[in-house]
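The values are calculated or read from the model by the stated rules, or taken from the named source; none is laboratory data. Being a predicted model, the structure only gives us computed values, none of them experimental. Cβ coordinates were reconstructed from backbone atoms using ideal geometry, including for glycine residues, and neighbour counts include every protein chain displayed.
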């Protein structure tokens, strides 16, 4: 059979093509407007984004329309789509791709990577992204693939319903990688004012899909009526049709209004959960131990003088380096993990310099030596970061920043490591006194039931104002009536005691749970009751602890007064405490004993004010109190709130009190290294190639079942296999033709013989013998090779993977006599009925 004699795919009506294109354009518009806030800032035009989206729409249209109009299969559409996407990505989506061979090669790799892993860049970078690297390639491929899939599937006679599924999947993907914040439409009146831009886009996508389905069903019905020659057709009643349309429109409008009335308040009361709100950095933070819980370990043993990191190239006034910001308190510890009901920290990638407003800009370089964990040292609100060392590329890819906490993490196994270098630019801290914080703004991030009653009682007994000045007075009294201690026991003379000079040791338990803070303020209350009203601060010293307990105590006092507060772990590069009680500042090398913790309180103006909390160490606890009080060995948590939990502090190899935890017996797992890589790779390959392998296996099982049947069934099965081969090769199934006519149409050498043996097996009493069945399958193998020889390499592959024969070809088997009888039936004429209409008599 020559190329011109092959049976081609039927032409698609122009109305169907136009309808599919219109639906694809509508869905593309919803995707474009959904993703626009991610790439284009408010008040800007975003010409590059608009150009990329228009190009993506054009690529999708061309990739689907050319195969449809040329009556080709999906392989041609995929080839055009892939080539068009790569060309568009290099030409318009990736900036600087054509500047040189090296940039072109790098851009090509990024374009190939974008459809697979580009979504991670989209959901972790702070918006708007603008033209950053290859991020525009993600919406480009999303729009192009969605449009191509809708048009190609929408023009198929049997698969047009899949077009709606493709459109819905494309829009859902855009929502998943889209912005996390809703955009309100306050300018709209009444109920519509509660609508958001995202709800309207969702309604638009739903309406477009519903309209497409209804229009396509009506179009198929009209086509079926036009093709039913001589069938009964009723007379249209315009009034009745208009009434049905009005009734349907009214029901739809009422349902839509009711749905919006219920959905809008529900949507407003629920957080918008998209991929951007839950990514890798949160998993890293959730699985890490709070740095405050291991604070004391840096004052014991070798860690006391162990170098954590070095600071160099300092430019501008830098007084503190923050390592970790801990905004949330759950009753057991201050952590970076949000409790239920609180908005979690949102860590984002940093594509370029961030705006610092009018703040003074400072910069420095940090070189890690002994510091461990995921937290990255920063001098303040980040303006930009660059990386050095042997892992510079990995650090850049794994660096995430939380603007609301001015804190960053490295999402690598083990976090930072020796040799890592971080050069950062940041905003200079404003040294505003706490007394100038003003009135309490409200909105504390600590639940009231997590503030001990003893703390509230002590605060009330101090009779201070509930503003910044009152809080500053409380902090000063707490520090003066506290006493510094880093351990529960002191064997020999620990280094931290030697560094304090004339110091009297007092035992102090580790931890900063609800119970530990409750005991701290209970001791203060009891001492005040013993000493009387006019006692000095020296006589009222009773609270023993260090920065771990006192930073939490100040944060809870601020929360009790209505101030948002958080705890920060870090070091000082300059003296910030007029009383001189804080740990020494580090000049170049920051060591373990330089580590400190302080509290940050947010003023009514929105500024976060750093508050030093280290207690004094010159006036010890009064002997009378020390001898009469019970030993201070508190439990780790409040008994009323205690729950069985794992000892998370042991995960870092140290107990909560700083002592080295006993090593657990390690059992080497076999599922590591090459075995794990091989298994993961096999799973990925299976997921990618599973559908293709499933098609091949299904055809092999079907062929084996047909061939191993009884002789008569095997001969008939051989003919069915012959027709399936032709259908998969792109030939028409010809359900109304005889076997002989099919063999002539397919034009293979042995087709007529196969038809004759199959007819003899079907329509004769004696059937066929085993040798006849064997001959059918031998001739079938020759005709299979002949059919494949007519095709190119890609067409042969498409034939092997085609599912047309598996989905059902609707063929029937009839002999020549039956064919002649049906042709005679078709010659029956239409006769008038009693009612004057026409009806056609057909015998089946």
*Which of (1) surrounded by 15 or more Cβ atoms within 10 Å (Cβ to Cβ); (2) modelled with pLDDT of 90 or more; (3) within 30 Å of residue 729 (Cβ to Cβ) is the odd one out, the single condition residue 83 does not satisfy?*
(1)
_In the range 353-376, residue surrounded by the most Cβ atoms within 10 Å (Cβ to Cβ) [restricted to those that are under 29 Å from residue 118 (Cα atoms) and touching a strand residue (DSSP E or B) at 6+ places or on another chain (Cβ under 7 Å)]_ = 376
*For the range 146-177, enumerate the residues that are more than 16 Å from residue 205 (Cβ to Cβ) and buried (at least 24 other Cβ atoms within 10 Å of the Cβ).*
148, 151, 152
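Taking the stated definitions as given, is residue 332 surrounded by 19 or more Cβ atoms within 10 Å (Cβ to Cβ), closer than 16 Å to residue 290 by Cβ and in contact with a strand residue (DSSP E or B) (Cβ under 9 Å, 6 or more places away or on another chain)?
Taking the combined requirement at face value, the residue does not satisfy it.
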_For the range 746-760, check the following and say yes or no: at least one residue is closer than 30 Å to residue 793 by Cβ, in the same structural domain as residue 802 (by TED's automatic domain parsing), in contact (Cβ under 8 Å) with a residue 60 or more places away in the chain and not in a helix (DSSP H, G or I)._
yes
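Restricting attention to the range 70-89, report how many residues are over 13 Å from residue 56 (Cβ atoms), in a helix (DSSP H, G or I) and more than 26 Å from the chain's Cα centre (by Cα). If you could, list the steps in order and put the result at the bottom.
Going through the range 70-89, the residues over 13 Å from residue 56 (Cβ atoms) turn out to be 70-80, 82-83.
Narrowing the set further to residues that are in a helix (DSSP H, G or I) leaves 74-80, 82-83.
Filter again for more than 26 Å from the chain's Cα centre (by Cα), leaving 74-80, 83.
Final tally of qualifying residues: 8.
Working carefully through the options 556, 573, find the one that is under 19 Å from residue 459 (Cα atoms), buried (at least 18 other Cβ atoms within 10 Å of the Cβ) and touching a residue at least 24 places away in the same chain (Cβ under 8 Å). Steps first, please.
Working: 573 fails: under 19 Å from residue 459 (Cα atoms).
Among 556, 573, only 556 is under 19 Å from residue 459 (Cα atoms), buried (at least 18 other Cβ atoms within 10 Å of the Cβ) and touching a residue at least 24 places away in the same chain (Cβ under 8 Å).
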_Residue in the range 417-436 that is surrounded by the most Cβ atoms within 10 Å (Cβ to Cβ), counting only those that are under 31 Å from the mean Cα position of the chain (by Cα) and under 22 Å from residue 353 (Cβ atoms)_ = 426
*Output for the range 457-468, where each listed residue is in a helix (DSSP H, G or I) and touching a helix residue (DSSP H, G or I) at 6+ places or on another chain (Cβ under 8 Å)*: 457, 458, 459, 461, 468
*Taking the range 89-116 as the search range and keeping residues that are surrounded by fewer than 15 Cβ atoms within 10 Å (Cβ to Cβ) and closer than 15 Å to residue 132 by Cβ, which one is modelled with the highest pLDDT?*
113
